[in-house]
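For reference, the structure discussed in these notes is given below.
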Amino acid sequence: MFRSARLKLTAWYLLIIMFISMSFSIAIYKVLVSELERFVSIQRSRIERRLREGEFFPPEIHFRGMLPHTSIMDPELVEEIKRRIILILIAVNSGILLVSGGFGYVFAGRTLKPIQDMLDEQNRFITDSSHELRTPLTSLKSAMEVNLRDKHLTLKGAKVLITESISEVNKLQSLSDELLQLAQYQKTQDLAKFEKLSLANLVKKAIRKIKPIAKQKNMLIQNNTLDIEIDGSKHGLCDLFTILLDNAIKYSPEKASVTISSQKNDGSIEISVADQGIGIDKKDIPHIFDRFYRTDVARSKTNAGGYGLGLSIAKKITDIHHGSINVKSKPDKGSVFTIRLPIHQTARITKPPFFS
Ligand code: ADP
């Protein structure tokens with residue numbers, strides 16, 4: 001598909017270039033021919049005038065195609081010059097056709113590359129998502145089918161099945177919510193609308209959201225963030241802090257503490273979320289921001305649910321904000337996720353100053 005689109009685009013480039021080139025060639029031909037005819041007619045009237053005045057013409061004039069008694073310049077020579085002009089213009093246009101064909105093909109490839117990348121990314125997203133949704137749906141379906149075939153299924157057993165199914169459906173719901181969230185941030189990458197926000201308020205809002213989970217694990221969240229005004233998307237930044245705090249709690253033992261702090265640098269702010277949890281192995285660090293990636297430790301040692309989408313959403317949000325996210329971690333010691341964001345997003349603010 002990409003190849004045929006590339007060829008079509010090349011053909012369009014060629015058509016446009018050749019149309020311009022041919023138009024110029026026709027114009028050049030017309031100008032040259034009219035100049036030639038003008039020259040012939042000037043020469044003719046000059047020689048005719050001299051002849052009338054009885055001037056003598058040396059015989060060599062006859063040998064240069066000049067016929068003083070008739071048309072002054074041999075019409076065959078004029079036609080020959082015209083033919084030559086046409087041949088030169090055809091040669092020049094053929095050269096332009098060849099060169100622009102090559103360049104057109106290269107440029108068409110470059111023009112289509114981002115579209116191709118986007119389509120590949122979308123296809124990967126659909127394939128990964130379908131795969132992730134298919135697995136729990138299949139196990140849910142088979143559990144129901146097995147129980148339905150069971151002639152001795154009791155009311156108690158049916159209730160257990162329904163409870164388990166509801167919990168599976170809840171997980172599927174949170175997976176579809178995360179997928180929607182990821183798709184939304186993917187879509188708004190170039191259309192992000194920023195406003196002036198209070199960092200302290202954003203962090204407080206994120207902490208309020210995850211406080212119930214922290215409470216379940218008797219965990220303490222220390223908030224050492226500065227009250228500074230930054231440009232950003234209110235929902236995006238709140239989601240970003242919530243994801244990092246949620247992970248810090250999910251992957252920490254009970255009664256551990258999580259700290260969120262900030263540090264202002266020249267034109268940017270660093271926000272760090274530190275935990276004392278299971279940590280991340282060195283080999284996993286390059287992959288944790290990939291979609292659906294979960295470390296083996298997270299899968300096996302903890303009963304923390306998750307689909308490996310949180311950090312890819314977090315990465316998308318920092319990208320939208322022209323920032324960066326990175327992690328320092330030691331297995332069994334803990335992790336520190338650090339986000340660096342520009343304080344001002346030049347020429348991207350669409351609303352008047354506003355505090356969330
Ligand atoms: P999940 O929903 O599985 O938490 P994420 O994309 O948020 O998905 O995280 C990807 C993986 O990175 C997790 O499965 C976990 O293995 C690892 N991870 C993320 N945050 C932490 C953390 N604070 N401590 C230890 N491991 C983490």
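The values are calculated or read from the model by the stated rules, or taken from the named source; none is laboratory data. These figures come from a predicted structure and were not determined experimentally. Here the Cβ is made from the backbone with ideal geometry for all residues, glycine too, and neighbour counts use every protein chain on show. We work out accessible area using only protein heavy atoms, side chains counted, and drop any ligands, DNA or RNA first. Shrake-Rupley method; radii C 1.70, N 1.55, O 1.52, S 1.80 Å.
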In the range 261-329, the trypsin sites (Lys or Arg not before Pro) that sit in a DSSP loop and have at most 13 other Cβ atoms within 10 Å of their own Cβ are Lys282, Lys283, Lys301
Taking the reciprocal of mean 1/r across every pair of different Cα atoms in the range 124-187, the Kirkwood radius in Å is 13.4
The answer for the chain, accessible area per residue at 1.4 Å probe in Å², is 63
Expected sort for 250-259, 236-245, 89-98 on mean C-beta neighbours within 10 Å, highest first, is 236-245, 250-259, 89-98
XL table Lys156/Lys215; Lys196/Lys328; Lys205/Lys333; Lys171/Lys217; Lys193/Lys315; Cα-Cα > 23 Å flagged, in table order, is Lys156/Lys215; Lys196/Lys328; Lys205/Lys333
Expressed to one decimal in nm², the mean projection of the alpha carbon convex hull of the range 247-327 is 5.8
Taking the convex hull of the alpha-carbon atoms of the range 220-356 and averaging its shadow over every direction gives an area in square nanometres of 8.5
Compactness summary of the range 79-219: radius of gyration and Dmax from Cα atoms, Å, are 31.1, 105
XL table Lys234/Lys330; Lys209/Lys255; Lys204/Lys264; Cα-Cα > 23 Å flagged, in table order, is Lys234/Lys330
Rounded to the nearest 500, the 222 nm mean residue ellipticity computed for the chain from DSSP H runs (n ≥ 4, each -39500 (n - 2.57)) alone is -21500 deg cm²/dmol
The answer for the net charge of residues other than Lys315 whose Cβ lies under 14 angstrom from its Cβ, with Lys and Arg +1 and Asp and Glu -1, is -2
For the chain the mean separation of alpha carbon contacts under 8 Å (6+ apart) over residue count, i.e. relative contact order in percent, is 15
The Cα extents of the chain along the principal axes, largest first and rounded to whole Å, are 128, 62, 38
In the range 157-236, the trypsin sites (Lys or Arg not before Pro) that sit in a DSSP loop and have at most 16 other Cβ atoms within 10 Å of their own Cβ are Lys193, Lys217
